[in-house]
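Visitor: Take this structure, written in structure tokens, and hold onto it; I'll ask about it next.
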Amino acid sequence: MKSANTKSEKRIRRHKKIRSSVSGSAEKPRLSVFKSNKHLYAQLIDDDSQKTLAVFSSLNLKDSKKKISEQAIEIGKELAKIAKAKGVTKVVFDRGGFVYQGKIKALADGAREGGLIF
């Protein structure tokens, strides 16, 4: 059996392991996070009906001159605002195989500040 060699293959393997235990529902959707080299994306997903409830990313921000960690906090707050408008307060956090530090942690903290519970 071939082992995962590249950084992205290792992240995908970790994400598959996380996804085996983390699942979203209509009452408690999954807050999925993805980061690329330039941008940060977050979405609320109902895995039961396979629907995306809300999406927000660094592409949607008006002020892109801020530090990426400040942008991550703002993304979390904006996603929480959209979620509350749809009647969602509790979520399950899916870090997407990324380490829970830096941008990922900042986004989670921003979502908590915005009123999401996880």
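The values are calculated or read from the model by the stated rules, or taken from the named source; none is laboratory data. A quick note: this is a predicted structure, and the numbers were derived from the prediction, not measured. Don't worry about glycine lacking a Cβ; one is built from the backbone with ideal geometry, like all the others, and counts go over all protein chains shown.
Visitor: Can you tell me which residue in segment 20-45 is nearest to the chain's Cα centre (by Cα), limited to those that are over 12 Å from L79 (Cβ atoms) and touching a residue at least 60 places away in the same chain (Cβ under 8 Å)?
Guide: F34
To keep it simple, each residue is scored yes or no on (1) more than 14 Å from E27 (Cα to Cα); (2) modelled with pLDDT of 95 or more.
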{"position": "V55", "(1), (2)": "yes, yes"}
{"position": "S58", "(1), (2)": "yes, no"}
{"position": "D63", "(1), (2)": "yes, no"}
{"position": "Q71", "(1), (2)": "yes, no"}
{"position": "G76", "(1), (2)": "yes, yes"}
{"position": "L79", "(1), (2)": "yes, yes"}
{"position": "K86", "(1), (2)": "no, no"}
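Visitor: In contact with an Asp or Glu (Cβ under 8 Å, 6 or more places away or on another chain) and surrounded by 13 or more Cβ atoms within 10 Å (Cβ to Cβ): does that describe I73?
Guide: For I73, the condition - in contact with an Asp or Glu (Cβ under 8 Å, 6 or more places away or on another chain) and surrounded by 13 or more Cβ atoms within 10 Å (Cβ to Cβ) - is met.
Visitor: Against the condition modelled with pLDDT under 95 and surrounded by 15 or more Cβ atoms within 10 Å (Cβ to Cβ), how does I104 come out, does it pass?
Guide: Working: modelled with pLDDT under 95: no; surrounded by 15 or more Cβ atoms within 10 Å (Cβ to Cβ): yes.
The answer is no for I104.
Visitor: If I ask for residues that are under 19 Å from I18 (Cα atoms) and not hydrophobic (A, V, I, L, M, F, W, C), which ones from segment 37-49 would you list?
Guide: Residues satisfying the conditions are Y41, Q43, D46, D47, D48.
Visitor: Of the residues E113, E78, E74, only one is touching a Phe, Trp or Tyr at 6+ places or on another chain (Cβ under 7 Å) and acidic (D, E); which?
Guide: Exactly one residue qualifies, and that residue is E78.
Visitor: Now, a different point. Would a scan of segment 46-65 turn up a residue that is hydrophobic (A, V, I, L, M, F, W, C), touching a Lys or Arg at 6+ places or on another chain (Cβ under 8 Å) and in contact (Cβ under 8 Å) with a residue 60 or more places away in the chain?
Guide: No, because not a single residue in segment 46-65 is hydrophobic (A, V, I, L, M, F, W, C), touching a Lys or Arg at 6+ places or on another chain (Cβ under 8 Å) and in contact (Cβ under 8 Å) with a residue 60 or more places away in the chain.
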